Amino acid sequence: MASFEISILGASGGPLDGGNQGILLSEPVGDLNKKYICVDAGSGLRQIASMMAQCHLNPDSVKSNCWNDLIESLYENHEEPLRSFVDQKCLIIRGLGSGNGLATDETIMNGALRVFSNIEEYYITHPHLDHVAALAINSPACSDSEKTIWGLRPTVEALHKHIFNDVVWPNLFAQTKMKLRMHSLEEYQSRPVKCLPHWFVTPLRVSHGLTVESRLPCTSTVFLIQNTSTEKAVVICGDLESDVMSKKRHLANVWKHLRKTVPLENLMGITIECSCSNATKDEHLYGHMSPNYLVHELKELSRAYGRPLDGLQVIILHVKMSPGGRDPRLVILQEVRQLAAAQGLGNVNFSIALQGYTFVL
Ligand SMILES: [Zn+2]
Ligand SMILES: [Zn+2]
């Protein structure tokens, strides 16, 4: 039985604007009023609306499976088959997951606002604009729903100081009309999700390179999300770099924590960034991963569990759309799969997070 629906509102690592990282999570229940949480908010309401519109305007397409879909590509072919991006063993659906329809006489905008108002919590990995822009832009639609934004202390402080500072964006937390709150999380402390009774979220701190000017460490977060009724878990990562690059043990600690808290067979999937291909030199990674480092870290995870990662779904996010002939998402996927096979990682299923689709895990 599936435990999670992971809807990709956006997965781009730039430099294209729009479609940046935003992940909507819910339980696979077909209830129009089901609750959601979001990890990151680089994309938001607009993408919810366009996912609902696509299913509403082409109702027959919802029933058909999406394996023959063509995905927009800006490279050698203008479209690429979905099956080139997604492992065959993945359960993937077009649009939002179950319960994505419109109520009788509901417009697409009202339907999208209903889903939006049912997002009760945001978990922000780090305060870079490509992960938070929709928090600000969508905020006028927050007036009739309660929302809490959670993040590690550096994230929350940066959002207060640099985004909602009454200059870049109004300080919405200083007024009572909107039921918007922001609180910090303690690393490695799990907390229950209020709107999803069996869900617990644990923030795990990781490194995301150094700031450009002052060369200070840039903190990001990996969120472990556990469903205590099914005992299954997923891991949703923000931007991050390998321990090899940071020369710290952040990811080693994340892998150790997973081994201690989640049996491998209950770990349904990891969404993790791989921004650059292996052609990128280390000094140009800027706190991100390439296939060499991703496979190295997955090998460390496998070592922590003491066995191959058979059956694990790894969903790759945040690919940078760099210049070139071939779609960088396909280049990275191929490099990752080849390295994983060469290094005996086990039967790991690698896919690319495709905007507009929902992975059911
Ligand atoms: Zn970042
Ligand atoms: Zn980013």
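The values are calculated or read from the model by the stated rules, or taken from the named source; none is laboratory data. Note that the structure is a prediction, hence the values are computed from the model and not measured. Cβ sites come from the backbone with ideal geometry, for glycine too, and all protein chains shown count toward neighbours. What goes into the accessible areas is simple: the full protein's heavy atoms, side chains included, and nothing from ligands, DNA or RNA. Shrake-Rupley method; radii C 1.70, N 1.55, O 1.52, S 1.80 Å.
Of note:
- Three-way shape label, segment 1-91, alpha-carbon gyration tensor, a/c 1.5: oblate
- Between residue 230 and residue 144, the contour length at 0.36 nm per residue exceeds the Cα-Cα span by 27.8 nm.
- Theoretical ellipticity at 222 nm over the chain - DSSP helices of four or more residues, -39500 (n - 2.57) apiece, nearest 500: -7000 deg cm²/dmol
- Think of the chain as a dipole: +1 on every Lys or Arg Cβ, -1 on every Asp or Glu Cβ, centred on the Cα centre; then among 210, 74, 25, 210 lies furthest on the positive end.
- The stretch between residue 137 and residue 157 holds 5.3 nm of extra length on full extension. This uses 0.36 nm per residue minus the Cα-Cα distance.
- Computed from label points 7 Å out along Cα-Cβ, the spacing between residue 166 and residue 58 is 4.8 nm.
- Calculated FRET efficiency, residue 33 to residue 200, Cβ-Cβ distance, R0 = 22 Å: about 0.50 to the nearest 0.05.
- Prolate/oblate/rounded label for segment 275-335 (Cα gyration tensor, a/c 1.5): prolate
- Both numbers refer to the Cα atoms of the chain; Rg and Dmax are 19.2, 57 Å.
- Accessible area per residue, Å², the chain with all protein chains present, probe 1.4 Å: 44 Å²
- The Cα atoms of segment 143-188 define a convex hull whose projected area, averaged across directions, is 3.3 nm².
- Antiparallel bridge percentage (DSSP; both residues within segment 5-360; nearest 5): 55 percent
- Here the Gaussian network model covers the chain, with springs between Cα atoms less than 10 Å apart; of 112, 304, 233, 304 fluctuates the most.
- Global form of segment 124-219, assessed from the alpha-carbon gyration tensor, a/c cut-off 1.5: oblate
- When +1 charges are put on Lys and Arg Cβ atoms and -1 charges on Asp and Glu Cβ atoms, the dipole computed for the chain relative to its Cα centre reaches about 900 debye.
- Distance (nanometres) between label positions extended 7 Å along Cα→Cβ at residue 109 and residue 72: 2.2 nm
- Each peptide among 149-155, 351-357 gets the average number of other Cβ atoms lying within 10 Å of its residues, and from highest to lowest they stand as 351-357, 149-155.
- Peptide ranges 85-94, 277-286, 314-323 listed from the most packed, as the mean C-beta count within 10 angstrom indicates: 314-323, 85-94, 277-286
- Sorting the segments 42-55, 250-263 by their mean number of nearby beta carbons within 10 angstrom, highest to lowest, gives 42-55, 250-263.
- FRET efficiency, residue 249 to residue 310 (Cβ-Cβ, R0 30 Å, nearest 0.05): 0.70
- Highest GNM mean-square fluctuation among 238, 97, 311, for the chain modelled with Cα contacts below 10 Å: 311.
- Between 147, 194, 35, the residue with the greatest mean-square fluctuation in the GNM of the chain (Cα pairs under 10 Å linked by springs) is 194.
- Sites residue 283 and residue 177 - FRET efficiency at Förster radius 35 Å, r taken between beta-carbons, to 0.05: 0.15
- GluC sites (Glu not before Pro) within segment 39-111: DSSP coil, no more than 12 neighbouring Cβ in 10 Å: 76
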